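Okay, structure first, notes after.
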There are 2 protein chains.
Amino acid sequence: MLFECIQVSIELYILGSSSATPTKDRHPSAQVLKIGSEKILIDCGEGTQSQLMKFGIKQANLNTICISHLHGDHYFGLIGLLSTMSLYGRTQAMTIIGPPMLKDIIDIQLTASGMALNFELIHIETTMDKHHTVYQTAAFSIQSFPLQHRIHCTGFLIQESPKERHLNTAAIEHYQIPVAAYKAIKAGQDYNSPDGQTIPNAVLTTAAASPCSYAYCSDTIFDPQIVPFIKGAHTLYHEATYTNEHADRAELYYHSTAEGAATIAQMAEVKQLIIGHYSSRYGQLDGLLKEAAAVFSPVVLAIEGKTYTIG
Amino acid sequence: MLFECIQVSIELYILGSSSATPTKDRHPSAQVLKIGSEKILIDCGEGTQSQLMKFGIKQANLNTICISHLHGDHYFGLIGLLSTMSLYGRTQAMTIIGPPMLKDIIDIQLTASGMALNFELIHIETTMDKHHTVYQTAAFSIQSFPLQHRIHCTGFLIQESPKERHLNTAAIEHYQIPVAAYKAIKAGQDYNSPDGQTIPNAVLTTAAASPCSYAYCSDTIFDPQIVPFIKGAHTLYHEATYTNEHADRAELYYHSTAEGAATIAQMAEVKQLIIGHYSSRYGQLDGLLKEAAAVFSPVVLAIEGKTYTIG
């Protein structure tokens, strides 16, 4: 399959794929998105630190954690992970993006333990009233947007930072552009020559590949209102807790079916869909995959230990 | 090996054997003590619910949880276990014995989740100022006693309830004791015959086997002050985080060496010692076992998935 945006390595590691109750083989939600050398942990169910160890994913350059909501299967592993990081000597600050009460929950457990972490926690609170950029680094930006679940819950759109435009070498030579001006031109500026002539940027460069983006939507009822927030994302992870056979449960508990997830992928015109957050009632996952594939392609199952290339 | 007290089945299942940081093969502290049909969970590190599943230990009749202290490796799995029990339909009350702040930590996480448990939590707070019975059922009693660690921390002595005395059938026949009086006599009462004669209980019965007891001491610095609290226990579980090579660390962090654990076992005259709570630095545990065995025998390693018979 040929994807439209081809750039630096973006990889997604699935650490947990179950919904509220784990099974013998499936763990609660946790994923690591690796953009270049930076790692972002998305949700952190119980046992995440063990899953990181099991799959050999180092904690180096893991400086950002996104927590969608405060149902336990999405964050009960966070305090243990932070504690272990501290015991192993981490000193670099950690940015945690999540619901307002998360800080209080971490704080009370640290207070009870009589121990402070060896590193700073930078808390960024998500809000349910808007879709906005909550965090930005040189390598990526993170937007959060409201999901319709039973409590405060947000999805995340993680986008690599825009790439520099490509220099048109023929035009650069023709207009005798000095090397010192390349950086500004690649950033999109026109060139003003010493004799007062302006060469438009569009003449000197060609567009860079589109930045790749990854959308994470768990947990949510089927909700077309999120489509504008994730439109055109390269890869969409969307929860698919149930098959249509249990659509009544999906509606009751504000979850999605595999068909619902695929419908959102179709409406958002993403390049690929990953489904996960499977109910423990499904020993085999073929039914979920088949149901989604009938609506949207390509779609794959989130399988713990597997790595997915994005872009 | 023949133990002195032989009674109903008491079994200990080890679910976690590591200290603060888990390893690929070892999980944080958690044990299940089974007395007859009742199960008591002692400490509940992260991943305990998965370990219960892995080792096929059913949650039925698990109605009591003891938490020694609020370092994460001893309780971070509790909220997840309680949540899963609720999701699976538990309605029976759960008694939780632990430090004062434990209730607040559970409460804030339940509040954040927007969900109440389907069953009642009965909280019993441990205290650091005395050794006393904190809980009693028909089948067992639980005493807590202070341990010297860095924060509020208690050990537990769990004892099966005293057995009924054995009827001396020859004496029963000789004195023509009616069946209706057996229960009171087995409970230790003398018999008063209709003609005003008193038959002493010691004539009518022989002593029952001594109740078996299990002492749990984790985490603690080497501390002979605990010996009176655990004296004569059948089995002692004592933390042995380090070998003597790291005795300075044991002292610094208020932990014990294997030699220290064995010395406590010797002083308390227990029948057997189980050591655990191993530092992640030890890939192999032979050194810890050898060090303890030089002081006290029999001693065994706490190995996850193994069952130990007590009494």
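To keep it simple, each residue is scored yes or no on (1) among the aromatic types (F, W, Y); (2) in a loop (DSSP other than H, G, I, E, B); (3) closer than 23 Å to B:T23 by Cβ.
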residue: B:Q225; (1), (2), (3): no, no, no
residue: B:E259; (1), (2), (3): no, no, yes
residue: B:G283; (1), (2), (3): no, yes, yes
residue: B:V295; (1), (2), (3): no, yes, no
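One residue is enough: does segment A:117-133 have a residue meeting the conditions closer than 22 Å to B:H27 by Cα and of a type outside the set (D, E, K, R)?
yes
Among the residues of segment B:131-181, write down those that are aromatic (F, W, Y) and in contact with a helix residue (DSSP H, G or I) (Cβ under 9 Å, 6 or more places away or on another chain). Talk me through it step by step, then tell me what you get.
The initial filter retains those residues of segment B:131-181 that are aromatic (F, W, Y), namely B:135, B:140, B:145, B:156, B:175.
B:F145, B:Y175 - these are the residues of segment B:131-181 that are aromatic (F, W, Y) and in contact with a helix residue (DSSP H, G or I) (Cβ under 9 Å, 6 or more places away or on another chain).
Within segment A:168-184, which residues are farther than 30 Å from A:K39 by Cα, of a type outside the set (G, A, S) and under 39 Å from the mean Cα position of the chain (by Cα)?
Within segment A:168-184, the subset farther than 30 Å from A:K39 by Cα is A:168-182.
Now narrow it down to the ones that are of a type outside the set (G, A, S): A:168-169, A:172-179, A:182.
Within segment A:168-184, A:N168, A:T169, A:I172, A:V179, A:Y182 meet the criteria.
Suppose the filter is buried (at least 23 other Cβ atoms within 10 Å of the Cβ), within 24 Å of the chain's Cα centre (by Cα) and not aliphatic (A, V, I, L, M); does A:G232 pass it?
Values: buried (at least 23 other Cβ atoms within 10 Å of the Cβ): no; within 24 Å of the chain's Cα centre (by Cα): yes; not aliphatic (A, V, I, L, M): yes.
For A:G232, the condition - buried (at least 23 other Cβ atoms within 10 Å of the Cβ), within 24 Å of the chain's Cα centre (by Cα) and not aliphatic (A, V, I, L, M) - is not met.
In segment A:68-84, is there at least one residue being closer than 30 Å to B:F55 by Cα, within 14 Å of another protein chain (Cβ to nearest Cβ) and modelled with pLDDT under 95?
Taking segment A:68-84 as the starting set, the residues that turn out to be closer than 30 Å to B:F55 by Cα are A:70-84.
Checking which are within 14 Å of another protein chain (Cβ to nearest Cβ) leaves us with A:70-84.
Those left that are additionally modelled with pLDDT under 95: none.
No: zero hits.
Tell me which residues, restricted to segment B:85-99, are buried (at least 23 other Cβ atoms within 10 Å of the Cβ) and either of a type in the set (G, A, S) or in contact with a helix residue (DSSP H, G or I) (Cβ under 6 Å, 6 or more places away or on another chain) (or both).
Answer for segment B:85-99, where residues must be buried (at least 23 other Cβ atoms within 10 Å of the Cβ) and either of a type in the set (G, A, S) or in contact with a helix residue (DSSP H, G or I) (Cβ under 6 Å, 6 or more places away or on another chain) (or both): just B:G98.
Which condition does A:L70 not pass, out of (1) over 27 Å from A:Y254 (Cβ atoms); (2) under 18 Å from the mean Cα position of the chain (by Cα), if it passes all the others?
(1)
Just one of (1) part of a strand (DSSP E or B); (2) in contact with a Leu (Cβ under 8 Å, 6 or more places away or on another chain); (3) surrounded by fewer than 22 Cβ atoms within 10 Å (Cβ to Cβ) trips up B:I106, so point out which.
(1)
Select, from B:Q51, B:Q59, the only residue that is polar (S, T, N, Q), in the same structural domain as B:H74 (by TED's automatic domain parsing) and within 20 Å of B:H71 (Cα to Cα). Walk me through how you get there before you give the answer.
On the way: B:Q59 fails: within 20 Å of B:H71 (Cα to Cα).
Of B:Q51, B:Q59, the one residue that is polar (S, T, N, Q), in the same structural domain as B:H74 (by TED's automatic domain parsing) and within 20 Å of B:H71 (Cα to Cα) is B:Q51.
Would you check which residues across segment A:186-205 are out of contact with any Asp or Glu (no Cβ under 8 Å at 6 or more places or on another chain) and under 25 Å from A:S9 (Cα atoms) and list them?
Selection gives A:G188, A:T205.
Given the conditions (1) of a type in the set (V, I, T); (2) assigned to a loop (DSSP other than H, G, I, E, B); (3) surrounded by 24 or more Cβ atoms within 10 Å (Cβ to Cβ), and given that A:I42 satisfies all but one, which numbered condition is not satisfied?
All conditions pass for A:I42, except number (2).
Let me confirm something: among A:G16, A:G45, which residue is touching a residue at least 60 places away in the same chain (Cβ under 8 Å), within 13 Å of chain B (Cβ to nearest Cβ), under 18 Å from A:Y216 (Cβ atoms) and not hydroxyl-bearing (S, T, Y)?
Details: A:G45 fails: touching a residue at least 60 places away in the same chain (Cβ under 8 Å).
The conditions single out A:G16.
For segment B:112-127, enumerate the residues that are part of a helix (DSSP H, G or I) and either more than 9 Å from every other protein chain (Cβ to nearest Cβ) or not hydrophobic (A, V, I, L, M, F, W, C) (or both).
Of all residues in segment B:112-127, those part of a helix (DSSP H, G or I) come to B:112-113.
Once the filter is applied, which keeps residues that are part of a helix (DSSP H, G or I) and either more than 9 Å from every other protein chain (Cβ to nearest Cβ) or not hydrophobic (A, V, I, L, M, F, W, C) (or both), segment B:112-127 yields only B:S113.
Is it the case, given these coordinates, that A:P100 is in contact (Cβ under 8 Å) with a residue 40 or more places away in the chain, of a type outside the set (F, W, Y), assigned by TED's automatic domain parsing to the domain that holds A:H238 and farther than 19 Å from A:I275 by Cβ?
Numbers: in contact (Cβ under 8 Å) with a residue 40 or more places away in the chain: yes; of a type outside the set (F, W, Y): yes; assigned by TED's automatic domain parsing to the domain that holds A:H238: yes; farther than 19 Å from A:I275 by Cβ: yes.
Yes, satisfied.
Got at least one residue in segment B:263-278 being over 22 Å from the mean Cα position of the chain (by Cα) and modelled with pLDDT of 95 or more? Break it down into steps so the answer makes sense when it comes.
Initially, segment B:263-278 is screened for residues over 22 Å from the mean Cα position of the chain (by Cα), giving none.
Within segment B:263-278, none of the residues are over 22 Å from the mean Cα position of the chain (by Cα) and modelled with pLDDT of 95 or more.
Out of B:Q31, B:Q59, report the one residue that is more than 10 Å from every other protein chain (Cβ to nearest Cβ), closer than 20 Å to A:E46 by Cα and modelled with pLDDT under 95.
On the way: B:Q31 fails: modelled with pLDDT under 95.
Of the residues listed, the single one that is more than 10 Å from every other protein chain (Cβ to nearest Cβ), closer than 20 Å to A:E46 by Cα and modelled with pLDDT under 95 is B:Q59.
Restricting attention to segment A:92-111, which residues are touching a strand residue (DSSP E or B) at 6+ places or on another chain (Cβ under 9 Å), more than 12 Å from A:L82 (Cβ to Cβ) and facing chain B (nearest Cβ under 10 Å)?
Matches in segment A:92-111: A:P99, A:P100.
List the number of the failed condition for A:L2; all other conditions in (1) surrounded by fewer than 23 Cβ atoms within 10 Å (Cβ to Cβ); (2) at pLDDT 95 or above hold.
In the conditions (1) surrounded by fewer than 23 Cβ atoms within 10 Å (Cβ to Cβ); (2) at pLDDT 95 or above, A:L2 misses (2) alone.
The values are calculated or read from the model by the stated rules, or taken from the named source; none is laboratory data. On a predicted model such as this, the values are computed, not experimentally measured, just so you know. No Cβ is skipped: glycine too gets one built from the backbone with ideal geometry, and neighbour counts run over all protein chains shown.
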